[in-house]
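Some notes on the structure that comes next.
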Amino acid sequence: MPKASSKWKYCRHFNQLTIHCEFPPERTCTPPPLTQHRVFPRDADSSALDPSQTNPFAAQSLVPNPLPSKIPKPRGEVTRISRGGYNLQMTLGWPVADYEETRSFIVHLAHEHLNVNKSWKRQNQSYLQVVYSEAVKRYPILDRYHDNWVVGDMLRMFLKNSCTRDS
């Protein structure tokens, strides 16, 4: 039997198809320096310290902080999630009991001051303002939201459902 010739070399891959990539060495990231790091002695009284020495921004701290801005209404329409809207309960992030208590009080105000057979657009604006003010008076957290959009959305949902139920 003839001996196999050893002049043919077999490679497990094609040199032409092998991709050779070189990556530069990674830089080591150094953490940023702590610019406001200050060590206070244990026995020092905080009232005896000079505020200009402890706070490098002492001149800025004399200016009163501006009031926090009110929470804006999210984009879209309430309960129209498939059209870019939002779920009110999930957007607010309130506990379920607080949300339900607030919603039921607003429904009570709607029965008391509004015509529940009409849609939200057809309601008298002065009566809507009474509902807004009563809701904020009972639940001061509602005052954090720009233009009472939480109360407006709860009223829209309730009046939409009550108006279509009676039709």
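What ranking, highest mean first, results for peptides 149-161, 109-121 when packing means the other Cβ atoms within 10 Å averaged over each residue?
Details: 149-161: 20.0, 109-121: 15.1.
Output ranking for 149-161, 109-121: 149-161, 109-121.
How would you order 91-104, 132-145 from highest to lowest mean count of nearby Cβ atoms within 10 Å? All intermediate terms of the calculation are to be shown ahead of the outcome.
On the way: 91-104: 13.3, 132-145: 14.8.
Ranking the peptides 91-104, 132-145 by packing returns 132-145, 91-104.
Long-range amide H contacts for Gly85: which residues qualify at under 5 Å (H placed 1.01 Å from N, peptide plane, sequence gap of 5 or more or a different chain)?
Sorted by chain and number, the residues that satisfy this are Glu77, Arg80.
Quick note: the coordinates plus some simple rules give every number you see, no bench work behind them. Predicted model, so just to flag it, every value in this text is computed and none were measured. Cβ: placed from backbone, ideal geometry, glycine included. Neighbour counts: every protein chain shown.
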